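The values are calculated or read from the model by the stated rules, or taken from the named source; none is laboratory data. Nothing here was measured: the structure is a model prediction, and the numbers come from that model. For neighbour counting, all protein chains shown are included, and Cβ atoms are generated from backbone atoms with ideal geometry for every residue, glycine included. These accessible areas exclude ligands, DNA and RNA; they are computed on the full protein's heavy atoms, side chains included. Shrake-Rupley method; radii C 1.70, N 1.55, O 1.52, S 1.80 Å.
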Amino acid sequence: MEKIKQQYQETLARFAEQKANIHRLWNIEEESAHLLFMLVLIRQAKYILEIGTSNGYSTFWLAAAAAQTKGTVHTIEVDEQRYKLAKENLKIHDNILQYHARAEDLLMDFEPGIDFLFIDAGKPGYIDNIDLLENKLAPGAVVIADNICSHPETTAPYRNYIENNPACFSQVINLNAGMQLAYFTEIQG
Ligand SMILES: C[S@@+](CC[C@H](N)C(=O)[O-])C[C@H]1O[C@@H](n2cnc3c(N)ncnc32)[C@H](O)[C@@H]1O
């Protein structure tokens, strides 16, 4: 990880500065970003979708991994200012497609075959997000949702749905805001 961090030193310094000086970016913590990075590599994911770009910190790490899998990151942000900030921050990567939109207005337009999904926008919307996307997931897709422990009530419908879904195995990781990892498979568990 240190080697990767050195390679992208300038951009990471920029993210650190923004995190310290700009309110309401809500970036995931570094450990969580590294976990996403590793999971994309482990899954060898190529078609990655993120809901909730903010200024692009998590997108940056997804794209750094996707650079190694020859994948593309699609990422959606509703707020114009954060969308534009992310555009600037993410210039270093050429494998990102950014969308300035409400996720719920756009999700039905994505092609099937998504093999990595990161959900990190409005928490009450998580359940609708998976509802719109589940039939577009590739077999063996990895789906991660953040803030499961920090916002247990608002994320409960999503968490319960995933935990009771026979199409996937899941586990909540008590790291930072708490991520729920789900592995979608044909195998009934
Ligand atoms: C927790 S932040 C994302 C942080 C980012 N993933 C990171 O770690 O750097 C959530 C973002 O989702 C955006 N958002 C909220 N509701 C949304 C929606 N319905 N569609 C798209 N973006 C949304 C917010 O504007 C905010 O910037």
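The table below gives the values:
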read-out	value
Global form of the stretch 21-180, assessed from the alpha-carbon gyration tensor, a/c cut-off 1.5	rounded
Accessible-area composition of the stretch 43-189, carbon plus sulfur, in percent [1.4 Å probe]	51
For the stretch 108-189, alpha-carbon Rg relative to the globular expectation (2.2 N^0.38 Å, N residues)	1.01
Cα-based shape type of the stretch 1-106, given that a ≥ b ≥ c are square roots of the gyration tensor eigenvalues and the cut on a/c is 1.5	oblate
Amide H contacts of I173 (H built 1.01 Å from N, under 5 Å, at least 5 apart or other chain)	M179, Q180, L181
D79, D105, reordered so the largest accessible area comes first (probe 1.4 Å)	D105, D79
Accessible surface, the stretch 1-56, averaged per residue in Å² (probe 1.4 Å)	58
Note, ³J(HN,Hα) from phi for the stretch 167-180, Karplus 6.51, -1.76, 1.60, rounded to Hz, x at Gly and Pro	7, 9, 9, 9, 8, 8, 9, 7, 10, 6, 6, x, 10, 9
Accessible area per residue, Å², the stretch 83-189 with all protein chains present, probe 1.4 Å	51
For the stretch 49-189, with +1 on Lys and Arg beta carbons and -1 on Asp and Glu, the positive-most of A177, I92, V73 along the dipole	I92
Trypsin sites (Lys or Arg not before Pro) restricted to DSSP loop in the stretch 15-45 with at most 15 other C-beta within 10 Å	R24
The chain - share of DSSP beta bridges that are antiparallel (%, nearest 5)	35
Rounded, prolate or oblate (a/c below 1.5 giving rounded, otherwise prolate when a/b exceeds b/c) for the stretch 45-128 by Cα gyration tensor	oblate
Fluctuation leader among L117, L97, L133 - the chain, Gaussian network, Cα springs under 10 angstrom	L97
Euclidean distance of C-alpha centroids, the stretch 135-189 and the stretch 1-36, integer Å	24
Cα-centred dipole magnitude for the stretch 87-189, charges only on beta-carbon of K, R (+1) and D, E (-1), debye, nearest 20	240
